[in-house]
Amino acid sequence: MKKPSRILIAVIILAVAVVSVLAYEQYQSSQKSVIVLATTTSTYDSGLLDYLMPKFESKYNIEVHIVSVGTGQAIAIAKNGSADIVLVHSKKYELDFVNSTYGIHRVGVMYNDFMIIGPARDPAGINGLANATEAFKKIAEAGDTGNATFVSRADKSGTNTFELGIWSKLGITPSKKTQGWYLEAGAGMGVVLTMTNEKKAYTLTDRATWIAKRSQLTNLLILVRGEKTLLNPYAVILVNPDKWPQRNYKGALTLAKFMISEEGQTLISNFKKEEETLFTPTARNFDKAHSLGFPTQKQEVGWYDAQQP
Amino acid sequence: MSFQVEARNLCKEYSGKKVLADVSFGVHSGEIFGLIGPNGAGKTTLLRILDLLEEPSSGSVLFQGVEINYSEKSRQALRRRIGMVFQKTVLFNTSVFNNVAYGLRVRGESGKIIDTKVKEALKIVQLEGFERKNALKLSGGEAQRVALAQALITEPELLLLDEPTANLDPRNVSIVEEVLSWMNRERKTTIIMATHNMFQAETLANQAALLSEGGIEKIGKIQDIFTSPSKALTKFARLENVFSGVSKVSREGTSMIDIGEGVEIEAALQKLGNVSVCVRPEDIIVSVHPIISSARNMFEGRITEISDLGSIVRLRVKAGKDFIVQITKRSFSEMRLNLDSKVFLAFKASAVQLIWSC
Amino acid sequence: MENPLFEALLRAFQFFLYFDPEVLNIILLSLKVSGTAVLIGSLIGVPIGVTLGLRRFSGKQILMRFIDLTLRGIINTFMGLPPVVVGLIVFLLLIGSGPLGPLQLLWTPTAMIITQLIMVIPIIIGVTMSAVGSVEKAIREKALSLGATDGQAAWIVLSEARMGLLTAIIVAFGAAISEVGGIIITGGNIRWHTRTLTTAIVQEVNLGEYNKAITLGVTLLLMAFAINLALTIIQLRGTKR
């Protein structure tokens with residue numbers, strides 16, 4: 001039968017064409033300099049990187065592929081040689097990464113802050129408190145008397161880890177069972193805010209998501225913010241080329257240098273959402289960096305400055 | 001004269017059941033050989049073995065004196081010299097043209113030759129103009145003719161047919177039969193045909209084998225098979241003008257059989273008691289006036305049914321009992337016969353054949 | 001949620017009018033990944049499916065039957081293989097510390113194609129096998145009796161099963177284009193590079209950008225409908241002829 005043969009030939013030609021185009025693309029992309037930046041979902045979802053990276057890419061002609069996953073996953077990817085550089089905000093995981101020798105030259109880049117928001121009525125009376133831990137204590141007390149509710153991310157995210165960190169300072173590991181006022185949403189920040197709004201409850205949120213959704217959150221107000229313990233510092237860590245020589249160490253180095261350079265730091269501070277700055281640069285503010293948990297900041301920045309390109 | 005196709009002691013078993021038992025026969029080149037028998041006799045299995053679609057459990061098949069070895073290669077080479085038309089028409093889901101051209105395409109023929117030959121083949125089976133039609137949309141008769149065209153286009157030396165006209169209307173039956181005759185005449189194609197239509201077997205075949213329950217009961221000339229009494233024959237053969245009645249032996253040494261409705265027929269047999277006899281339609285003479293002849297049986301009747309089969313016309317005549325008779329178209333028109341015409345039927349005592357007696 | 005839906009539909013049309021480059025990139029990537037996976041999957045899966053489908057014709061021995069049933073069982077099991085599990089396996093293979101790490105294929109469209117290819121091949125084999133197996137035995141015998149070689153006869157059976165084959169490909173493509181779990185793991189949902197319609201929807205929902213998500217969802221639905229419609233028409237034409 002002639003017809004099927006023609007179809008078969010057409011299909012084979014098509015397949016060969018497609019495969020060769022793909023191979024060509026693969027080749028082309030291998031010619032380009034590409035770095036894989038592993039970061040957290042909340043970092044990426046803030047929009048900072050979609051704003052910052054294009055400027056880096058056009059200046060240095062390096063493509064940045066951003067993989068945004070959970071903090072644990074970001075570090076795991078880097079440890080397993082599938083990323084070139086990480087940008088995370090969890091000191092525990094960062095130090096673990098460096099101690100494993102897979103991560104090198106940890107340096108502070110910027111910080112953003114969390115805020116405690118709650119109902120306008122504020123039954124726990126935490127408005128304007130200067131101490132986040134104190135605020136949490138009051139929420140717990142109000143909760144125990146049935147006057148307040150707290151909604152938690154409960155999804156092992158950076159925000160969630162941060163929140164649990166504050167509770168642990170009070171010696172509490174809250175759960176719905178023991179604390180009836182503690183709701184474990186198991187969801188992202190946006191969903192949690194909506195829930196908190198509906199229940200007129202309290203929660204811990206990052207600034208970016210709050211800004212994005214505040215017009216819908218008619219029952220809530222910012223009650224506690226700016227306090228030192230609510231600061232969320234971000235670190236950049238390079239993947240050790242001795243461990244993973246086939247990765248793009250040079251590219252990663254270039255990106256790290258860019259982020260802590262005057263230019264990069266200025267760009268970070270210029271990133272606004274609805275007129276509000278979300279991130280404060282700290283790379284060159286050594287005192288601030290020290291206080292945020294980067295004791296060797298000065299040395300690291302010095303090391304980066306000394307590196308070639 | 002040696003056989004072109006020969007079967008020697010063929011046996012075929014399917015999971016313990018014996019379908020063919022010790023079947024042996026031979027067909028000469030250019031012959032038309034019939035395989036007659038009731039359903040389940042093994043005709044289909046035998047043909048499938050001859051078409052090399054299946055292997056016998058034991059025994060051998062010889063083609064032009066050479067025993068067939070069942071290796072893929074020799075099977076395939078031999079199959080290309082044989083054509084087969086199956087009982088249940090199977091066509092490919094594509095145009096009639098593509099269906100008929102298939103045999104040539106798998107042989108790597110060029111497009112131009114295929115074009116010509118397909119047109120030729122369709123002309124032979126009287127399906128010109130059907131090239132573009134989808135084969136699955138054809139009527140039963142048209143489809144079977146396409147299958148015939150498929151088989152003949154490759155000019156096989158041997159053509160096998162399994163009840164090719166079993167479910168066709170008379171017009172298609174006659175077209176198929178004409179094509180087969182033509183192939184045998186013009187191309188000297190050897191034909192082996194399974195059928196349970198006695199009439200057809202008689203018209204086309206020279207020799208035949210009567211199959212019953214996997215074994216051959218009789219082989220020989222068609223006439224011999226049909227005229228000698230046999231239980232197997234009755235079982236399947238669509239005999240016509242079958243009458244049962246009580247027979248009495250007459251003085252002249254013949255039998256008078258009362259078949260009911262006041263009709264008595266004289267037969268050249270000597271039987272007493274209950275019998276079943278039949279008279280072949282073509283043995284009955286039809287006339288408009290009563291004739292004086294040596295025929296011992298003569299009846300007057302009226303035509304109740306007419307079947308136009310092209311060159312032949314079959315009539316059902318009610319002469320007390322119903323008789324099926326057969327005359328040429330020419331005679332039919334010359335005698336100006338019609339429904340309800342009065343006719344006279346005559347047939348000899350020797351034309352009455354015994355099917356069964358107690 | 002009627003207004004946002006209407007807005008989304010409006011925006012979907014706006015896209016078609018103004019050709020937002022990012023949405024275009026996302027659509028093209030979806031087509032590229034799923035299309036390539038199905039194309040290569042067909043070239044591999046169809047011949048295997050045909051061979052297995054025809055196997056019923058030969059071999060009445062017990063051993064052949066056993067092998068036949070085992071193969072069928074395996075294929076049927078693999079047809080139900082969750083794509084996200086495939087994604088996990090491919091991820092573990094392609095990660096830097098994995099056996100194929102040095103190829104650095106993780107986070108690329110190629111990794112996504114591999115993921116979908118593995119998911120799609122059992123489907124194509126399974127449906128092809130079934131389509132070919134349901135072609136009457138008589139067709140193959142007819143072809144043989146007309147002088148075809150085994151290969152030629154296999155080809156005609158394939159041709160008779162062509163509508164079933166087409167179904168196999170439609171089903172496979174439908175599964176691939178709507179898949180999200182596996183390709184998010186191996187592709188990383190990287191903007192401009194490995195973000196497809198499905199993974200983009202996930203991203204927009206996570207961001208709370210429901211309008212954008214609905215727009216993408218509507219686009220995906222329209223694409224899926226269009227392709228299914230086109231192929232359904234071909235199927236209908238195939239049987240009407």
MRE, 222 nm, helices only [DSSP H, n ≥ 4, -39500 (n - 2.57), over chain A, to nearest 500]: -14500 deg cm²/dmol
Using the basic label-point model (7 angstrom from Cα toward the beta carbon), what is the A:Lys59 to B:Ser181 distance in nanometres? 10.0
Antiparallel content of DSSP bridges confined to region A:114-230, in %, to 5: 60
Footprinting proxy, B:Trp182, A:Trp210: sorted fewest to most Cβ within 10 Å, the residues are B:Trp182, A:Trp210
Calculate the FRET efficiency for C:Leu24 and A:Gln73 from the Cβ-Cβ distance with a Förster distance of 30 Å, rounded to the nearest 0.05. 0.50
For the pair B:Val246 and B:Glu334, what calculated FRET efficiency results from E = 1/(1 + (r/R0)^6), where r is the Cβ-Cβ distance and R0 = 56 Å, to the nearest 0.05? 0.90
With both partners inside region B:5-235, how many of the DSSP beta bridges are antiparallel, as a percent to the nearest 5? 55
Ranked by Cβ crowding within 10 angstrom, fewest neighbours first, how are B:Arg316, B:Arg48 ordered? B:Arg316, B:Arg48
Across region C:2-240, how large is the tail of the calculated P(r) beyond 27 Å, expressed as a percent of all Cα pairs? 46
With labels modelled as points extended 7 Å from the Cα through the Cβ direction, what inter-label distance (nm, one decimal) is found for C:Leu81 paired with A:Asn270? 5.0
Which shape class, rounded, prolate or oblate, goes with region B:1-95 when its Cα gyration tensor gives a ≥ b ≥ c as root eigenvalues, a/c under 1.5 marks rounded, and past that a/b bigger than b/c marks prolate? rounded
With +1 assigned to the C-beta of every Lys and Arg and -1 to the C-beta of every Asp and Glu, and no other charges, what is the dipole magnitude of region C:2-240 about the Cα centre in debye, to the nearest 20? 820
Of B:Val85, B:Ile219, B:Ala143, which is farthest towards the positive pole of region B:5-235's charge dipole, taken about the Cα centre with +1 and -1 on the beta-carbons of Lys, Arg and Asp, Glu respectively? B:Ala143
Under the Karplus curve 6.51 cos²θ - 1.76 cosθ + 1.60, θ = phi - 60°, whole-Hz ³J(HN,Hα) for region A:83-90, x wherever Gly or Pro sits: 9, 9, 7, 10, 10, 9, 9, 8
With n ≥ 4 as the cut-off for DSSP H runs, can you work out [θ] at 222 nm for chain B, using -39500 (n - 2.57) per run divided by the number of residues, rounded to the nearest 500? -7500 deg cm²/dmol
Count, for each residue of A:176-185, the Cβ atoms from other chains sitting within 10 Å of its Cβ, then give me the mean as a whole number. 0
Specify the angular offset, from 0 to 90 degrees and rounded to the nearest 10, of the alpha carbon long axis of helix B:170-186 from the longest principal axis of the alpha carbons in chain B. 60
Putting +1 on Lys and Arg Cβ atoms and -1 on Asp and Glu Cβ atoms, find which of B:Ala21, B:Thr328, B:Asn69 reaches farthest to the positive end of the dipole of chain B. B:Asn69
Hydropathy first: keep DSSP H helices in chain C averaging at least -0.5 on Kyte-Doolittle, then drop any whose Cα extent along the axis falls short of 18 Å, and list what survives. C:2-18, C:21-54, C:62-79, C:109-133, C:162-177, C:210-240
Tell me, B:Ser333, B:Ser294, B:Ser350, C:Ser159 in order of fewest to most beta-carbon neighbours within 10 Å? B:Ser294, B:Ser333, B:Ser350, C:Ser159
Rg (one decimal) and Dmax (whole number) from the Cα set of region B:242-357, in Å, equal 14.4, 44
Could you compute the FRET efficiency for B:Glu120 and B:Asp169, with r as their C-beta to C-beta distance and R0 at 22 Å, rounded to 0.05? 0.30
Suppose every K and R has +1 on its Cβ and every D and E has -1 on its Cβ; what is the size of the dipole of chain A about the Cα centre, in Debye to the nearest 20? 680
Mind pulling the per residue volume of the convex hull built on the Cα atoms of the protein assembly as shown? Å³ is fine. 268
What is the distance, in nm, between label points placed 7 Å from the Cα along the Cα-to-Cβ direction at A:Lys169 and at B:Glu282? 11.5
Segment A:Glu141-A:Ala23, length gained on full extension (0.36 nm per residue, minus Cα span): 36.2 nm
With a ≥ b ≥ c the root eigenvalues of the C-alpha gyration tensor of chain B, is it rounded (a/c under 1.5), prolate (a/b larger than b/c) or oblate? oblate
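No lab work stands behind these numbers, since they all come straight from the coordinates. This one's a predicted model, so the numbers in the text were calculated from it and none came from an experiment. Every residue, glycine among them, receives a Cβ derived from its backbone with ideal geometry; neighbour counts consider all protein chains shown.
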